[in-house]
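Worksheet: one structure, shown below.
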Amino acid sequence: NFYIKNVVCNGVAKAIFVRGLPEMHIKDIDLQNITIVAKQGIDIQEATNISMKNIRLVVPSKDALVNIQNGKNITLNGLKMDVAPGLLFNIAGESSTGIKLNNSSIPSDTRKAAFIFGASEKSLTIE
């Protein structure tokens, strides 16, 4: 288990990068109260039970803000973005499931999600 809280970071390439292996997912990460200025947003690959709460991203890129590949039970609660991304989620992989976005404002000109490489629209819930 990893618990990371109360972090401010300025000037990184990727805001958050979590990468496991297909045969061994990285699991049980809890991130809270984090502000990051980065070139790219969140990238999660081969991961299970990732919880993010009160994450503020300053990412100028118009690419997808959150990329998830074969992620299970990924929760973003209170995601804040200073710059409207062109695409909020890019979800890949047929084993992606249980991805949730709660308590977050999505700019009206932002496309919510793209699903590729077997990912299903049912894998994402936005409340």
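Can you give me the number of residues within the range 1-42 that are crowded, with 19+ Cβ neighbours inside 10 Å and assigned to a strand (DSSP E or B)?
Counting residues in the range 1-42 that are crowded, with 19+ Cβ neighbours inside 10 Å and assigned to a strand (DSSP E or B) gives 11.
Give the number of residues within the range 49-99 that are closer than 18 Å to Gly118 by Cα and either open to solvent by 60 Å² or more (accessible area, probe 1.4 Å) or free of Cβ contacts under 8 Å to residues at least 40 places away in the same chain (or both).
Going through the range 49-99 one residue at a time, the tally reaches 19.
Looking only at the range 53-63, decide whether some residue is of a type in the set (Lys, Arg) and over 22 Å from Ser123 (Cα atoms).
For the range 53-63, residues of a type in the set (Lys, Arg) and over 22 Å from Ser123 (Cα atoms): present.
For the range 43-86, what are the residues that are over 19 Å from Gly11 (Cα atoms), part of a strand (DSSP E or B) and either at pLDDT below 95 or among the β-branched types (Val, Ile, Thr) (or both)?
The answer is Ile44, Thr48, Ile50, Ile68, Ile74, Thr75.
Do we find that Ala119 is assigned to a loop (DSSP other than H, G, I, E, B), modelled with pLDDT of 95 or more and either in contact with an Asp or Glu (Cβ under 9 Å, 6 or more places away or on another chain) or of a type in the set (A, V, I, L, M) (or both) in this structure?
Here the answer is yes, as Ala119 does meet what is asked.
The values are calculated or read from the model by the stated rules, or taken from the named source; none is laboratory data. Everything quoted here is computed from the prediction, not taken from an experiment. Every residue, glycine as well, gets a Cβ built from its backbone with ideal geometry; the counts of neighbours run over all protein chains shown. The accessibility values were calculated without ligands, DNA or RNA, using every heavy atom of the protein model including side chains. Shrake-Rupley method; radii C 1.70, N 1.55, O 1.52, S 1.80 Å.
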